[in-house]
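The values are calculated or read from the model by the stated rules, or taken from the named source; none is laboratory data. Values in this document were obtained by computation on a predicted structure and should not be read as measured data. As a convention, Cβ positions derive from the backbone with ideal geometry for all residues, glycine included, and neighbour counts pool all protein chains shown.
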Amino acid sequence: MIYAEILAAGKGTRMGNVNLPKQFLSLQNRPIVVHTLEKFLVHDRFDKILVMVPRDWMNHAQDVIRRHIGTDERVVVVEGGEDRNGTIMRGVQYIEENYGVRDDDIVVTHDSVRPFVTHRIIEENIEYALRFGAVDTAVPATDTIIQSEDGRVITDIPLRSEMFQGQTPQSFNIKKLVSLYQKLTNEQRRMLTDACKIVSLSGEPVHIVRGEVFNIKITTPYDLRVAEAMCEEKEPV
Amino acid sequence: MINQVYRLVAARQFEIAYKGVDLRADHVVVRPTYLSICAADQRYYTGSRNQETMRQKLPMALIHEGIGLIAYDPAGEYRTGTSVVMIPNQPVEHDAVIAENYLRTSRFCSSGHDGFMQDYVFLPRDRVVPLFSGFDPHVAAFTELVSVSVHAVGRLSRKSHSRRDVFGVWGDGNVGFITALLLKTYYPDSHVAVFGKTDWKLENFSFADAVYRVDAVPQQVHVDHAFECVGGIGSQAAVNQIIDHIHPEGSIALLGVSEYPIEMNTRMVLEKGLTVIGSSRSGRDDFVETVDLLKRHPHLIDYLQRLVGVVNEVRSLHDIVATFEVDLTSPWGKTVMKWAI
């Protein structure tokens, strides 16, 4: 089975003075999370698509999905966790409890606020996850990355040609992800802000799918303006 | 959903546009799988259309020949994963006399409206025709081109006199090959002669009854009806040679597109009482007939495989440009993009 987890459990503290979490804000007159979910609905390889949302927003999420998409038996709204990895693992737990997990089952996890993801990126995540068990999506860094431990003084400037910027989806063999996550200490789990690090910390390879620079994450008012501008190009006559 | 549309913005330059679309609207969503490049696409890509046309029509996604899989049908009529050919002609009205592909109001993908170079193509539900299993996708990719010939042959059949002992096909390219092949299928007892410029191309027409180089056509060769499949400025010499070799009261179907006005020996058209039939594009009925014909006559697909030239997998804008450039230097056959972008 091939599962998707749309990660919409954030509460959006960076979007300014609005009451809606960023994933529910409108882009082209539709909630961003709906745009993202639709990209997975039109991809015919998914058996189930979990939309992970904060407990307080589950009704709202169900309402907007019903209003904009209607009913689709592949889509289920599930309560997210405290942080990113907690949310992913809650989704995995839901899969285990409701469908069972077989050796070759995979999950494609994706930020709900990256609605510009393409068919190719999703397809290659599925292919690589089935073959290799762990996949990240990234683009080569165009800016020089500097490292600083205290935010005031540079401690290192890594070679730019070796630097990539992580995007999503991130995709995993479910049994592999669970097994590696269970081996982590609570301290390690708290420190992790990225799901692929669960795998790489254990010394296992994570394969890279080429992302796209336009596969942006809409987290600030600036990002939303950029996203709207991207959609308002000249139409043919 | 935000759909990616891969548009030509200037000669040899593609950019991605992002279009917000509603999945619940009354259309089917098709994921393109194999797309085939047409000479008309190349005229835009290379900028050989006149500047006013380029300015009016760009930016625009190219390609009007292609197949795909049903990705989503809000009405549930088509099963997800159904293989379909996409119909580029989109009529907005019905006329009891004028066919959909001649109505001036009809929209045509990749001529003023976005073509099939998109992540997903949103089509009215009568603009897809399901394919049968086992149909080679590289050939299926240019079903539209076959349907154009099906349309032209059917059109000439309806409008010409009934003596069909000899058909002449002028042009040794893709359209000439397909048209001659269809004539041998619809009229197996007729003599089909092909007239071309290049010996090695003419050798591919093994199914034809005769092939002639246009600079060495014997005086005594005559045809009852003829198809002009040359296009460009070469149409002029072809049409005038047809007029010389066609019997009186014959019909001439014109299929070749030219950017230039073509001079024609109208004196002999009058003297011989010839009928000149314009033929362009195709409609849904032609697509249905084409798919049905290829299902009934699978050996046609074997012949059409000879037209499959280059097949390139496309995963990026760079791959698109590379494939269009390869097509420009291909002397024979169709260039097909395996659409993996």
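Once region B:218-271 is narrowed to residues that are in a helix (DSSP H, G or I), hydrophobic (A, V, I, L, M, F, W, C) and more than 18 Å from B:F195 (Cα to Cα), the residue that is nearest to the chain's Cα centre (by Cα) is B:V269.
One residue stands out among those in region A:18-55 that are in a helix (DSSP H, G or I) and either more than 9 Å from chain B (Cβ to nearest Cβ) or touching a Cys at 6+ places or on another chain (Cβ under 9 Å) (or both): the one that is surrounded by the fewest Cβ atoms within 10 Å (Cβ to Cβ), which is A:R55. Just so you know, in region B:20-47 the residues that are within 22 Å of A:V113 (Cα to Cα) and free of Cβ contacts under 8 Å to residues at least 40 places away in the same chain include one that is nearest to the other protein chains (Cβ to nearest Cβ), and it is B:G20.
Within region B:246-273, residues that are surrounded by fewer than 16 Cβ atoms within 10 Å (Cβ to Cβ) have Cβ atoms under 9 Å from residues that are part of a loop (DSSP other than H, G, I, E, B) and hydroxyl-bearing (S, T, Y) in these pairs: B:E249/B:S160; B:V257/B:S280; B:E259/B:S48, counting only partners at least 6 apart in sequence or on another chain.
Restricting attention to region B:50-61, the residues that are at pLDDT 90 or above, in a loop (DSSP other than H, G, I, E, B) and away from chain A (no Cβ under 11 Å) total 0.
Residues are listed down the side, and each one gets a yes or a no for (1) β-branched (V, I, T); (2) buried (at least 18 other Cβ atoms within 10 Å of the Cβ):
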position: B:T46; (1), (2): yes, no
position: B:N50; (1), (2): no, no
position: B:L58; (1), (2): no, yes
position: B:I70; (1), (2): yes, yes
position: B:P74; (1), (2): no, no
position: B:Y78; (1), (2): no, yes
position: B:G81; (1), (2): no, no
position: B:Q90; (1), (2): no, no
position: B:T105; (1), (2): yes, no
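Among the conditions (1) without any contact (Cβ under 8 Å) to a residue 24 or more places away in the chain; (2) within 14 Å of chain A (Cβ to nearest Cβ), B:V97 misses just one, which is (2). Among the criteria (1) under 22 Å from A:V209 (Cα atoms); (2) touching an Asp or Glu at 6+ places or on another chain (Cβ under 9 Å); (3) within 14 Å of chain B (Cβ to nearest Cβ); (4) not small (G, A, S), the one A:R74 does not fulfil is (1).
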